[in-house]
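The values are calculated or read from the model by the stated rules, or taken from the named source; none is laboratory data. Model, not experiment: these values are computed from the prediction. Neighbour counts run over all protein chains shown; Cβ positions are idealised from the backbone, glycine included. All accessible areas refer to the heavy atoms of the entire protein, side chains included, with ligands and DNA or RNA removed. Shrake-Rupley method; radii C 1.70, N 1.55, O 1.52, S 1.80 Å.
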Protein chains: 6
Amino acid sequence: MARPDGRRPDQLRPVTLTRGWSTHPEGSVLVEFGGTRVLCTASVTEGVPRWRKGSGLGWVTAEYAMLPRATNTRSDRESVRGKIGGRTHEISRLIGRSLRACVDLKALGENSIVLDCDVLQADGGTRTASITGAYVALYDAVSWLAGRKSLAGKPERVMHRSVAAVSVGIVAGEPLLDLCYVEDVAAEVDMNVVCTGEGDFVEVQGTGEDGVFSRAQLDALLDVASLGCLELAEAQRKALAS
Amino acid sequence: MARPDGRRPDQLRPVTLTRGWSTHPEGSVLVEFGGTRVLCTASVTEGVPRWRKGSGLGWVTAEYAMLPRATNTRSDRESVRGKIGGRTHEISRLIGRSLRACVDLKALGENSIVLDCDVLQADGGTRTASITGAYVALYDAVSWLAGRKSLAGKPERVMHRSVAAVSVGIVAGEPLLDLCYVEDVAAEVDMNVVCTGEGDFVEVQGTGEDGVFSRAQLDALLDVASLGCLELAEAQRKALAS
Amino acid sequence: MARPDGRRPDQLRPVTLTRGWSTHPEGSVLVEFGGTRVLCTASVTEGVPRWRKGSGLGWVTAEYAMLPRATNTRSDRESVRGKIGGRTHEISRLIGRSLRACVDLKALGENSIVLDCDVLQADGGTRTASITGAYVALYDAVSWLAGRKSLAGKPERVMHRSVAAVSVGIVAGEPLLDLCYVEDVAAEVDMNVVCTGEGDFVEVQGTGEDGVFSRAQLDALLDVASLGCLELAEAQRKALAS
Amino acid sequence: MARPDGRRPDQLRPVTLTRGWSTHPEGSVLVEFGGTRVLCTASVTEGVPRWRKGSGLGWVTAEYAMLPRATNTRSDRESVRGKIGGRTHEISRLIGRSLRACVDLKALGENSIVLDCDVLQADGGTRTASITGAYVALYDAVSWLAGRKSLAGKPERVMHRSVAAVSVGIVAGEPLLDLCYVEDVAAEVDMNVVCTGEGDFVEVQGTGEDGVFSRAQLDALLDVASLGCLELAEAQRKALAS
Amino acid sequence: MARPDGRRPDQLRPVTLTRGWSTHPEGSVLVEFGGTRVLCTASVTEGVPRWRKGSGLGWVTAEYAMLPRATNTRSDRESVRGKIGGRTHEISRLIGRSLRACVDLKALGENSIVLDCDVLQADGGTRTASITGAYVALYDAVSWLAGRKSLAGKPERVMHRSVAAVSVGIVAGEPLLDLCYVEDVAAEVDMNVVCTGEGDFVEVQGTGEDGVFSRAQLDALLDVASLGCLELAEAQRKALAS
Amino acid sequence: MARPDGRRPDQLRPVTLTRGWSTHPEGSVLVEFGGTRVLCTASVTEGVPRWRKGSGLGWVTAEYAMLPRATNTRSDRESVRGKIGGRTHEISRLIGRSLRACVDLKALGENSIVLDCDVLQADGGTRTASITGAYVALYDAVSWLAGRKSLAGKPERVMHRSVAAVSVGIVAGEPLLDLCYVEDVAAEVDMNVVCTGEGDFVEVQGTGEDGVFSRAQLDALLDVASLGCLELAEAQRKALAS
């Protein structure tokens, strides 16, 4: 069964990571997974929230949001509705946890970094693109702190791992990598996998949207996701080397 | 390494499912996983939300909350703060998805069921206890609808699967089933697994709290979780038979 | 005219006060007035809110809430609606005032106690059951503080009075004690009375729901309420003695 | 012991009821109890809220608020804080209940009247002044509806009773009528009493602010309040006759 | 074409500025532009908001609101809706900017003044009446501070300019001064102009409600507005002299 | 006195209008005024809000927002704070009014268009760039409706005027066109001017930030703004022709 854009089942969409897309933030990356386009910025504040003062530890957190017309039909703004929806909360928390997994907060010292992931255009996989792009923005922000001699440890210690994420799913019985929107809607099982550059897992979230899944299906999805994440880690390395 | 309550690594805490704990709801269950105590109620409304009218499909949703002093230190009420926190949103959505996985919404017909899971006392595993208890409350609510001849299909078709959930984690390198609070805090990896009575997966959420996990560790956690869920399914069957 | 449960006009429903119902709070009581069931917890914090610091006085406050399906039809959660309703505010304030009337805040010293009264099941008289149960939870919390030598005065000075509360009403022209839900709905006049163990009044709130009431009717209601409160004070003494 | 303005214990402050103070509302009254000044307006809408349609019954409700600098120190606006406080809720509900007690909602027919009581200047007794003034504004609004032949019954049937309210309290052991702010702060017991023009009670709310009160004290307070309300009813009659 | 109240095109409505309308605030003015009636109060706090501490500068801010029935049909309260509307925000900001233009914040010293402008009755021009009245209330508040020797500079230095404001508009092709409500609704162009007593501009806001306007029309409007503001400045001087 | 980027006083920054920047909306334009970068999207819904049904008129509205790190220091999200700030409200209203001035709502027929202007990067003039870009997005959305034969009138009738906007200000005594951020901060007077392609005014908003301005200064600012708007209108024409 053919994918809408002719990809092989285990093929990523074209991935681009444009560093320095905006001028103000300490790190900023426009990440694209095919038609999905997310602006990831890393904002540094010296000091930490009050409850963390004196701990010697830094703080990394994330906020995810979509522009109202990032999707096919317009959504009301959460600022206008006066509250954050459940999906937004859930994804913001996932991004924050994933990024904290690659940072040594002691080596960061009492600095705070907020990662803002704003979806400018959505075509499936916005949370995984966000994590993948935010890692690069975070790296640049840590380098910026290093340049100001504001880190408690060495920068390579602060960023002691890389993280990347990809969605996988079972569509018409077949495991597919990096679902676009029409595949996501059709998926029987949907999984988001966050991995380190070494191939370990940071987070695994699998959901039987309309059905359930067997251990064998789960294994097949993890296989394809692991490979996809390694490929994304390579793209991150290249972006950071350029 | 000994567990605080002397359990074997793959042993559940004592589980009780008290049906009919409160008199008003169409289904109500007080579920206890050791010191964790959740009141699960199922509330039936004939009809469905406006956006679903005329579809012939029913609707099942869930809301999770904690009493302010369910935990060791008091938390502010979300009603007082004026908004639902990210964690509450995330868990409510998980419970709703899990329960919808066991219901045939066409056979339910245009009826709505809200599952309220209110944690009266927390000692780890509140979301998995909620899912396990809510399944029994939902079953009773569907039977109530059957008694009123209000279902579109047969009750056994409506509830075509059972679901139960359990937490697992790696503590001091060892996979443990059904973490209590002190184990949860100490866990390197934390996973919530929702399974059907047949042993298929409905949802898998694994998080490396402070670290990362290998495929082998993931496999070990899934093994112990699957067995735990089967045991909980058996407890559900017994409760419904009594 | 017979009462639904066959009680005499001046008879309370069966009252139970279960101390230590939950393990985390410094005081916790499950209070039942017939089918009305409220979990009252007392949470101690050392120190007082900022505006009270250095005054030498303690602080006691209360929050009342109902589980969504405590009643016959489900109510939306106030946390989901994003605001506290007028009825909730009114009752929380009444409970707080009533409990402060039995505490010597100077003898309490700069400690804060929050009383949470969560209605698990409602059948009329939830606010009066809350006050009656919260007194016992508060007593236990003050004893806990005494055990830690954290009080400014002697415990019997801190709790220098007991308080209990009961609802009364005129139904079909007759004054009735401790209305259950169906009586409450039918009442022409509805009154909540809070008394000390010595029989003095702390708070009197009478409302002509559908009508008005004469001084003679008011007097008859106060008579029956005073006796009811004395009986509840006795139940509190027994619970605290056990 | 002398009152700050030299009144006798059972003497009201000067009361003025200025009808037609503003031009837009169907009824508008500026009520003054000494230095307390409340603008009461009655706004008519033909039709009733959705949940009441087809019942044949009208609807009367009230909203109370204070301008930020009605008091000696400025309070934040509730609109700015984004929520209504408990005190505001409590008083709005009291005013609404009190005014509904004097209206025959069947004779009103399916019309809605909102009573807005905005305190322009506060010197004690704002809720009782609000009720007293709102009655006159409501009367004018009902007359306006009568003039448009929009009532289901006769106007004298719609407004089948008058209501007025006054505060009383025990200060330095003595029962005082119509407390001004400094007396209110000093009161050991504080009571708000709403009466009909015939002297029946509509609502009685007594609170031992810092202490408790005996039946004898309660009786003394009710005596003085009843007389005060009759005097206010007379002032209402005069205002409506002019 | 005749104006509803027979005014000449360049004629203001009767303007009254009643100082000391309420007793609590440090400055309070009831300003009337014909049927528009706004209560302006100035509330002084010694000290400034935290972000301004130690700057030596004072702070002046404003809040505008309408009573629900100030207008012909009742509006919901912003406190009940839980948020401030866009129009309210816009006008509050305009008043604040305009009043800050006449104050030397250094001479004011670290004192804060909040100007509350509450519209009791609206008939067009509520924002311009608010600015005109608030200036007088602010002047009185600064005099009050001078009386307490709490200013950093001389009072005439603090209030180094006066400000007044008026609305102008083009109705049926003709420039009109100080629009009442029916004129405002009919206006093709609507402009609010804030001027100093010397005739300089502080703020100019012109809007083509239903159309556009030429430079010539803009010039004509500015001419008539400038004269109107000078007349209002004279009324302010008289009010302050009395 | 030199401008930071070497421009002449009456020179615009480089302006780009990229149509079709995102794929989902009916109109989408990335507008850049130098370093200011705003994504303007136009979202069409067939039908109008309820209060407008049956009027035969369409509806055009706008929402403005900034990404949290569009500016030099990160701002909290309005969705997280739970409310829209005054500045956001004010600018959204300005954009909506300005765009409605160029649309014949009768010719549009009962269709709704929402213009979302999201600032991705800010360097002064974000509101004027938004208006200028939103006009082009709106034009494309109207063409899209024309292509679906959904307009009540001819498209050239619907868009019977063009609008563009620019900021001007007086810095160090000199009138400057199209202020960048550092100029905006230094401006004594700040004015936003919205003009049609024919050079008429739609909206004029001038503010003496720290001072006041004379009629002569106002005239000089209007002169330079008018020329700037004509240049922007030409850029819009070119973008729409390509």
- Task: Considering (1) under 13 Å from the mean Cα position of the chain (by Cα); (2) within 12 Å of another protein chain (Cβ to nearest Cβ), say which one D:F33 fails and leave the rest.
- Result: (2)
- Item | Residues of region D:4-22 satisfying the condition of being under 21 Å from the mean Cα position of the chain (by Cα) and either over 15 Å from D:A164 (Cβ atoms) or of a type in the set (K, R) (or both) | D:D10, D:Q11, D:R13, D:P14, D:T18, D:R19, D:G20, D:W21, D:S22
- Message: Any residue at all in region F:165-179 that's open to solvent by less than 10 Å² (accessible area, probe 1.4 Å), part of a loop (DSSP other than H, G, I, E, B), in contact (Cβ under 8 Å) with a residue 12 or more places away in the chain and under 24 Å from F:A239 (Cβ atoms)?
- Response: yes
- Message: Can you list residue pairs whose Cβ atoms sit under 8 Å apart, with the first residue in region C:199-211 being more than 7 Å from chain D (Cβ to nearest Cβ) and the second being open to solvent by 20 Å² or more (accessible area, probe 1.4 Å)? Count only pairs 6 or more apart in sequence or on different chains.
- Response: C:G199/C:S226; C:G199/C:L230; C:E209/C:E188; C:E209/C:D190; C:D210/C:E188; C:G211/C:E188
- Note on the structure: The lone condition C:L218 fails out of (1) crowded, with 16+ Cβ neighbours inside 10 Å; (2) touching a residue at least 40 places away in the same chain (Cβ under 8 Å) is (2)
- Which members of region E:34-58 meet the condition of being touching a Lys or Arg at 6+ places or on another chain (Cβ under 7 Å), under 20 Å from D:V80 (Cβ atoms) and not in a strand (DSSP E or B)? none
- Looking at C:G82, C:G109, C:G58, C:G125, which one is more than 15 Å from the chain's Cα centre (by Cα), at positive phi and modelled with pLDDT of 95 or more? C:G109
- Message: Being open to solvent by 10 Å² or more (accessible area, probe 1.4 Å), modelled with pLDDT of 95 or more and touching a strand residue (DSSP E or B) at 6+ places or on another chain (Cβ under 6 Å) is the filter here; which residues of region E:184-208 pass it?
- Response: E:N192, E:Q205
- Query: For residues in region E:139-164 being in a helix (DSSP H, G or I) and farther than 21 Å from E:R97 by Cβ, which is farthest from the chain's Cα centre (by Cα)?
  - Reply: E:G147
- Task: Those residues that are under 18 Å from C:V224 (Cα atoms), in a loop (DSSP other than H, G, I, E, B) and either free of Cβ contacts under 8 Å to residues at least 60 places away in the same chain or in contact with a Lys or Arg (Cβ under 8 Å, 6 or more places away or on another chain) (or both), I need them from region C:12-33; list them, please.
- Result: C:R13, C:P14
- Item | Considering residues of region F:59-100 that are crowded, with 23+ Cβ neighbours inside 10 Å and in a loop (DSSP other than H, G, I, E, B) only, the residue farthest from the other protein chains (Cβ to nearest Cβ) | F:A70
- Residues satisfying the stated conditions in region E:1-29, i.e. at pLDDT 95 or above and hydrophobic (A, V, I, L, M, F, W, C): E:L12, E:V15, E:L17, E:W21, E:V29
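Condition check ((1) of a type in the set (S, T, N, Q); (2) within 14 Å of chain B (Cβ to nearest Cβ); (3) surrounded by 22 or more Cβ atoms within 10 Å (Cβ to Cβ)) across all residues:
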| site | (1), (2), (3) |
| --- | --- |
| C:R8 | no, no, no |
| C:L12 | no, no, no |
| C:T18 | yes, yes, no |
| C:S28 | yes, yes, yes |
| C:V44 | no, yes, no |
| C:W51 | no, no, no |
| C:L57 | no, no, no |
- Item | Conditions (1) more than 14 Å from chain A (Cβ to nearest Cβ); (2) within 30 Å of D:G82 (Cα to Cα); (3) open to solvent by less than 10 Å² (accessible area, probe 1.4 Å); number of the one not met by B:V114 | (3)
- Note on the structure: Within region B:109-134, residues closer than 15 Å to B:I91 by Cα and of a type in the set (S, T, Y) come out as B:T126, B:T128, B:S130, B:T132
- Yes or no: D:I131 within 14 Å of chain C (Cβ to nearest Cβ), β-branched (V, I, T), farther than 24 Å from C:E63 by Cα and not in a strand (DSSP E or B)? yes
- Item | Subset of region B:187-227 (residues that are over 16 Å from B:A101 (Cβ atoms) and assigned to a strand (DSSP E or B)) | B:V189, B:D190, B:M191, B:G206, B:T207, B:G208, B:F213
- Here are some residues: D:V136, D:V182. Which one is in contact with a Lys or Arg (Cβ under 7 Å, 6 or more places away or on another chain) and not in a loop (DSSP other than H, G, I, E, B)? D:V136
